[in-house]
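To keep things clear, I will list the structure first and then write my remarks on it.
The values are calculated or read from the model by the stated rules, or taken from the named source; none is laboratory data. Model, not experiment: these values are computed from the prediction. SASA here: full protein model, heavy atoms, side chains in, ligands and nucleic acids out. Shrake-Rupley method; radii C 1.70, N 1.55, O 1.52, S 1.80 Å.
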Amino acid sequence: MSTIDSLPHVRWSGVEGRPLVIAGPCSAESEEQMMESARRLHGVRIDYLRAGIWKARTRPVSFEGIGDTALPWLVRAGREFGMKTATEVATASHVEAALHHGVDLLWIGARTTVNPFSVQEIAEALRGATVPVLVKNPTSPDLGLWTGALERINRAGIRALGVIHRGFGVASSRRFRNPPMWELAIEFRRLHPGIPIITDPSHISGTRELIQDIAQQALDLGVDGLMVEAHPNPDQAWSDAAQQVTPERLGEILHHLKVRRETSADAGFLASLEALRERIDRIDHDLLDVLAMRMRVVEEIADCKRENNVSTLQVSRWTALLEDRVSRAESIGLTPDYARALYEIIHRESVRRQSEIMAQEPSTQGRPGKD
Ligand code: PEP
Ligand code: MN
């Protein structure tokens, strides 16, 4: 168990029956733009107005945010329209400035979460603060780094914690700017069930067309909220133009989202679910028995190879096997990616087990003796 689960934290995000929504422009550009954003987002029922004040950009020639001057714009725009405010902090001086101006929620960006020195510096600056602090997942798919950053913030006395799932900057993906790798968000939830997860479909997508689908997928997995970039004139935005939506479009996206309940008390539903889950349990037990049976055969193959001094891996056999299993899987309604991933794991373990057996001293038991 990590220490965030043993230290007290509060559930700060509770809105009954709907996701918490943080929305606003990628960057604050002018006081007018912030006022216009707030005025138009006000009609859309969001919980926090966001805006980037200091922008960590990949290249120095990009717009790096207005800086401290823009903080009062964000706070004034929020107050004017009765919304709480949120911004990203990357250094101790950002934290001091944001708290000084009365920003209601702070988050740590993906590029900062990767650096424990920066996170520690932010944590020290947060000591004594009561604002919720959200930690975006690190750009690399590393759960330990994500959890470690939360621990640092929690140890500095911050009790209102949460995370933002914004996808991972892994090997090039044609579909996403930052592939969501849902399995990591699910694993995070399994490890830390008490920490709210907010999904950021804007930074996952990189393009506004995908936001609705990603947001729905996130809700289907039971996340607690969404962070969406919304700008009064998205195409003219100074940063992340392609992924921003107008406040009105955000309204439509939110309106079309189906919010699922975690469970239902309906007796019919509970009985069917129970019966289906029993079937799944039985199938999984059979699956494990079959895998164990397969492994016994792998062991016999290893014995056979060792006795004949043949190497563990025959690449042509592996290529043919994979091809056969993937096409068979496809013919019975499973996706090729699924079959491939499954067989890569099965094969890796089979090679590992064979190497283990090959490394053993030849046993004389059951085999003709020399004398
Ligand atoms: C942002 O939210 O504007 C941002 C920079 O996001 P990330 O840290 O996820 O890249
Ligand atoms: Mn952005």
* Structure fact -> Cα-Cα pairs in segment 1-132 separated by more than 25 Å, as a whole percent of all pairs, come to 28 percent
* Top mean-square fluctuation among 164, 153, 301, Gaussian network model of the chain, C-alpha springs under 10 Å? -> 301
* Asked: Roughly how many Å² of residue 338 are accessible to a 1.4 Å probe, to the nearest 10?
  -> 120 Å²
* Asked: Just the C-alpha atoms of segment 122-243: what Rg/Rh do they give, with Rh taken as the Kirkwood radius?
  -> 0.99
* Exposure rank, largest accessible area first [94, 285, 100; 1.4 Å] -> 100, 285, 94
* Asked: Which residue fluctuates the most in the chain, going by a Gaussian network model with Cα springs under 10 Å, if the choices are 337, 286, 220?
  -> 337
* Asked: What residues have an amide H closer than 5 Å to that of residue 245, excluding those fewer than 5 places away on the same chain, when H is modeled at 1.01 Å from N in the peptide plane?
  -> 230, 231
* Structure fact -> The relative contact order of segment 257-371, taking Cα pairs under 8 Å that sit 6 or more residues apart, comes to a percentage of 30 percent
* To do: Give me the Kirkwood hydrodynamic radius of segment 241-371, using the inverse of the mean 1/r over all pairs of distinct Cα atoms, in Å to one decimal.
  => 20.2 Å
* **Theoretical gain in end-to-end length, residue 263 to residue 308 [0.36 nm per residue, Cα-Cα removed]** => 10.4 nm
* Amide H neighbours of residue 21 under 5 Å, at least 5 residues apart or on other chains, H built in the peptide plane: list them. => 47, 48, 226
* Structure fact -> Taking Cα atoms, the helix 247-256 axis meets the longest principal axis of the chain at an angle in degrees (rounded to 10) of 40 degrees
* Asked: Using the reciprocal of the averaged 1/r over all distinct C-alpha pairs, how large is the Kirkwood radius of the chain in Å?
  -> 23.7 Å
